[in-house]
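The values are calculated or read from the model by the stated rules, or taken from the named source; none is laboratory data. Here the structure is a predicted model, which means the values were calculated and not measured. Because the Cβ atoms are built from the backbone with ideal geometry, glycine has one as well, and the counts that use them run over all protein chains shown.
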């Protein structure tokens, strides 16, 4: 199994030229019998992982059944958020459990933040070369 995967930066807004490139990568999210492969934005400045409302619905979550709530900050402060734990697969790595703030916001990307994406994976950005590498955290020997 590979220990490192490389991903290109994606030009999310061609009108911005070089400034339009973003660190995005494919990720598969699974909940029971449902799974979705989508694109995620890696955001080292985000405290939490953020799941857009529609992706949560597509994974089979029911808003009213999620009782753990949290308050988001910044651009998402006006939206309610619920806590969901989702199995995630990045590249060919072993699946991991990621905790998401599922928000009612619809115009937000799937965001991978400090809690807990960057606690499960090491990432090295090579912005000037328009790529980044991801590897699973090293497991401590027992």
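List of remarks:
- Selection within region 96-130 - part of a helix (DSSP H, G or I) and either closer than 16 Å to residue 40 by Cα or touching a residue at least 12 places away in the same chain (Cβ under 8 Å) (or both): 117, 118, 119, 120, 127
- Those residues of region 121-140 which are exposed (fewer than 12 other Cβ atoms within 10 Å of the Cβ), within 16 Å of residue 93 (Cα to Cα) and in contact with a strand residue (DSSP E or B) (Cβ under 9 Å, 6 or more places away or on another chain), in sequence order: 137, 138
- Total residues in region 76-91, condition surrounded by fewer than 16 Cβ atoms within 10 Å (Cβ to Cβ) and touching a residue at least 12 places away in the same chain (Cβ under 8 Å): 3
- In region 92-107, the qualifying residues are those that are buried (at least 16 other Cβ atoms within 10 Å of the Cβ) and at pLDDT 95 or above, and the one that is nearest to residue 135 (Cα to Cα) is 93.
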